[in-house]
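Some notes on the structure that comes next.
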Amino acid sequence: MSPMRPPPGRQQLSREFIARHQRARIINALAEETAEKGYRAVTVADIVRRAGIARNTFYDNFSSKEDCFLATQDFAAEEALRRVREAAEPIESWQARVGAGLAAFLGYVAEEPALARACMVEALSAGPAALERYEQALQSFLPLFRIGRKVAPHGEDLPETLEETVVGGIFWIVYQRLVLGEAERIERLLPELVEFALTPYVGADAARAAAAELEGGSGAD
């Protein structure tokens with residue numbers, strides 16, 4: 001039975017459940033419209049029509065299209081980070097933790113391509129507030145990589161901006177694939193991105209070996 005459907009009988013959905021469900025529908029509608037048309041071309045009327053809601057329901061949840069877009073960014077960033085942490089934190093080895101976290105991140109992008117495109121492509125041209133949210137999302141992933149300084153042979157000598165460079169590079173590669181419409185193949189990038197992320201910390205040979213261990217499960221040709 002779907003978790004969004006109540007059990008048979010007289011039980012009624014709570015107001016909180018209905019409000020949460022409506023908000024999620026609006027967010028998904030905005031993401032899908034944005035993926036198809038681009039943020040600037042989307043109107044509130046488009047969102048309302050795709051979500052299948054009344055116009056006043058939209059304004060009960062959001063003050064404007066921009067407000068809805070920012071909420072969409074927050075929703076996607078929080079969910080992506082939750083999945084990354086859930087996948088990575090139980091693992092003892094830092095290198096394996098990076099692999100698990102990146103796999104979870106790429107899996108979320110592949111599962112929710114419209115949300116990913118809205119937050120990683122359209123956000124860059126959707127105005128200052130959206131760009132700020134994008135930067136905040138990028139910053140939220142830095143701690144996963146910063147731990148690598150403790151296992152790196154010369155961690156104290158690594159550049160201060162290394163984590164921003166690594167995460168920014170990952171985001172940029174994913175951005176390119178989304179622009180090309182290749183979200184369904186995004187998980188194939190896992191070995192390449194693991195090698196890219198680990199090399200500055202553990203060296204090229206160790207990073208390549210870690211990436212090679214992932215080749216079989218990446219779906220790479």
Report the normalised scattering of segment 97-150 as log10 I(q)/I(0) at q = 0.14, 0.21, 0.25 Å⁻¹, calculated by the Debye formula with identical scatterers on the alpha carbons. -0.45, -0.86, -1.01
Taking the inverse of the average 1/r across all pairs of different Cα atoms in segment 30-85, what Kirkwood radius in Å do you get? 12.0 Å
Hey, how many Å between the Cα centroid of segment 91-118 and the Cα centroid of segment 168-217? 10 Å
Using alpha-carbon coordinates, inclination of helix 162-179 to the longest axis of the chain, degrees: 50 degrees
Rounded accessible area per residue of the chain, 1.4 Å, Å²: 54 Å²
Short version: ³J(HN,Hα) in whole Hz for each residue of segment 128-135, in order, from phi by Karplus 6.51 cos²θ - 1.76 cosθ + 1.60 (θ = phi - 60°), x for Gly and Pro, what are they? x, 5, 5, 5, 5, 4, 4, 5
Taking Cα atoms, how many degrees apart are the long axis of helix 94-111 and the longest axis of the chain, rounded to 10 and kept between 0 and 90? 30 degrees
Could you state the angle between the C-alpha long axis of helix 204-214 and the longest principal axis of the C-alpha atoms of the chain, as a value from 0 to 90 degrees rounded to the nearest 10? 50 degrees
Dividing the helical contributions, -39500 (n - 2.57) per DSSP H run of n ≥ 4, by the residues of the chain yields a 222 nm value, nearest 500 deg cm²/dmol, of -21500 deg cm²/dmol
For the chain, what Kirkwood radius comes out of the mean inverse Cα-Cα distance, in Å? 19.0 Å
Overall Cα dimensions of segment 138-212, principal axis frame, Å, largest first: 40, 28, 14
Take the chain, connect every pair of alpha-carbon atoms lying under 10 Å apart with a spring to form a Gaussian network, then pick out the residue of S14, S140, S63 with the largest mean-square fluctuation. S14
Apportionment of accessible area to carbon and sulfur, the chain, percent (1.4 Å): 51 percent
Sparse-neighbourhood loop hits (GluC sites (Glu not before Pro), segment 132-221; DSSP loop; Cβ within 10 Å at most 11 others) -> E160
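The values are calculated or read from the model by the stated rules, or taken from the named source; none is laboratory data. What you see is a predicted model, and the numbers here were worked out from it, not measured in a lab. Heads up, the Cβs are rebuilt from the backbone with ideal geometry, glycines too, and the neighbour counts pull from every protein chain shown. With ligands, DNA and RNA removed, areas are computed over all heavy atoms of the protein, side chains included. Shrake-Rupley method; radii C 1.70, N 1.55, O 1.52, S 1.80 Å.
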